[in-house]
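Here's the structure we're looking at; comments come further down.
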Amino acid sequence: MDFGRLLTAMVTPFDDNNQMDLEKTTELIEYLLRNGTDGLVVAGTTGESPNLSLQEKLALFEHVIKVVNKRVPVIAGTGSNNTNASIHLTKEAEKLGADAVLLVTPYYNKPNQDGLFQHYKSIAEETDLPIMLYNIPSRAVVKLNVETIVALSQIENIVSLKDSTGDLDAIASVLDQTDNGFTVYSGDDSLTLPIQSIGGAGIVSVSSHIIGNEMKEMMTLFEAGKVKQAASLHRKLLPVMRTLFMAPSPSPVKSALKYKQIDVGSVRLPLVPLSPFEEQNLYRVLDSF
């Protein structure tokens, strides 16, 4: 399945009482679609998935799928460290009309590679939806090895990988050892162009909330063979990308959206909003860009 090149890991908007705000969600979706987004990842890390209840996730999936109305793919974040719970949520997302699911590596349990393989295989057997693996050892502790990813790619509906390891050698090995239909997306905004340069399909992005059109232009320039222009734009965008991770995500990007007059509310504990000093630094970088 072609997910597109620029996928936004969408924040989950909250109201003043920190309850999920579907009206703001509609406004955010339309804004993102106007600003370069080829697809939406819903209730991922940036969507504060650990702080959303099952009922909230289902309501969010249903609303986003309805509003998007097949204009772009909607990828539901249905992974967790509980295999049975992930199967249940994946089945519900499929019923609601999601186009694919994103499955994070099981965190906290610390399974070995066989456990990781069996986790993903068990979920894949219970759905017809395309699956994007999500390898993020900085959050999950465990890491999908190249050999495990290659083995999982042989399962028919495991079609893609979001890689947040920063390991370009491993990513190159995955691309080299998997079939052409298997795609790899960067999970780190600052590695969008480097990963594209070795054969990556695109980016699952946080920064695209703020610089979506510019990121899309960078990838288009590279694809057109205008490598120096793409590299120049990459360097220009890096300060914004870095600043949007100055504090635990999605606190910075939610503040940045508010600064752009797109109010998506605050974050839920244990995350906290940016301090006034952090906000000043964020606004300074956004203004200079």
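At a glance:
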read-out: Some residue of region 44-54 being under 21 Å from residue 213 (Cβ atoms) and small (Gly, Ala, Ser); value: no
read-out: Any hit, region 271-288, residues being open to solvent by less than 20 Å² (accessible area, probe 1.4 Å), among the small types (Gly, Ala, Ser) and at negative phi; value: no
read-out: Test result for residue 120, open to solvent by less than 30 Å² (accessible area, probe 1.4 Å), of a type outside the set (A, V, I, L, M) and modelled with pLDDT of 95 or more; value: yes
read-out: Residues satisfying the stated conditions in region 1-41, i.e. without any contact (Cβ under 8 Å) to a residue 40 or more places away in the chain and among the β-branched types (Val, Ile, Thr); value: 29
read-out: Number of the exception - residue 107 against (1) touching a helix residue (DSSP H, G or I) at 6+ places or on another chain (Cβ under 7 Å); (2) within 19 Å of residue 268 (Cβ to Cβ); (3) open to solvent by less than 30 Å² (accessible area, probe 1.4 Å); (4) not in a helix (DSSP H, G or I); value: (3)
read-out: Evaluation of residue 31 against (1) open to solvent by 10 Å² or more (accessible area, probe 1.4 Å); (2) touching a Phe, Trp or Tyr at 6+ places or on another chain (Cβ under 8 Å); (3) of a type outside the set (D, E, K, R) (one fails), failing number; value: (2)
read-out: Among (1) free of Cβ contacts under 8 Å to residues at least 60 places away in the same chain; (2) outside any helix (DSSP H, G or I); (3) under 28 Å from residue 195 (Cβ atoms), the one test that residue 271 misses; value: (1)
read-out: Selection count, region 242-253, where residues are farther than 13 Å from residue 284 by Cα, open to solvent by less than 30 Å² (accessible area, probe 1.4 Å) and under 15 Å from the mean Cα position of the chain (by Cα); value: 3
read-out: Inter-residue pairs, beta-carbon under 9 Å, first under 22 Å from residue 2 (Cβ atoms) and without any contact (Cβ under 8 Å) to a residue 12 or more places away in the chain and in region 168-180, second among the small types (Gly, Ala, Ser) and surrounded by 14 or more Cβ atoms within 10 Å (Cβ to Cβ), 6+ apart; value: 176/199
read-out: Region 102-118 residues that are touching a residue at least 40 places away in the same chain (Cβ under 8 Å), paired with ones that are assigned to a strand (DSSP E or B) and buried (at least 19 other Cβ atoms within 10 Å of the Cβ) (beta carbon under 6 Å, 6 or more apart); value: 102/41; 102/75; 102/77; 102/132; 102/134; 104/134
read-out: Criterion (outside any strand (DSSP E or B) and in contact with a strand residue (DSSP E or B) (Cβ under 6 Å, 6 or more places away or on another chain)) met by exactly one of 25, 37, 45; value: 37
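Condition check ((1) open to solvent by 40 Å² or more (accessible area, probe 1.4 Å); (2) closer than 20 Å to residue 204 by Cα; (3) of a type in the set (A, V, I, L, M, F, W, C); (4) not in a helix (DSSP H, G or I)) across all residues:
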site	(1), (2), (3), (4)
50	yes, yes, no, no
67	no, no, yes, no
87	no, no, yes, no
90	no, yes, no, no
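The values are calculated or read from the model by the stated rules, or taken from the named source; none is laboratory data. Owing to the predicted nature of the structure, the values given are computational and were not obtained by experimental measurement. With ideal geometry, Cβ positions are generated from the backbone for all residues, glycine too; neighbour counts draw on all protein chains shown. For accessibility, only protein heavy atoms count, side chains too; no ligands or nucleic acids. Shrake-Rupley method; radii C 1.70, N 1.55, O 1.52, S 1.80 Å.
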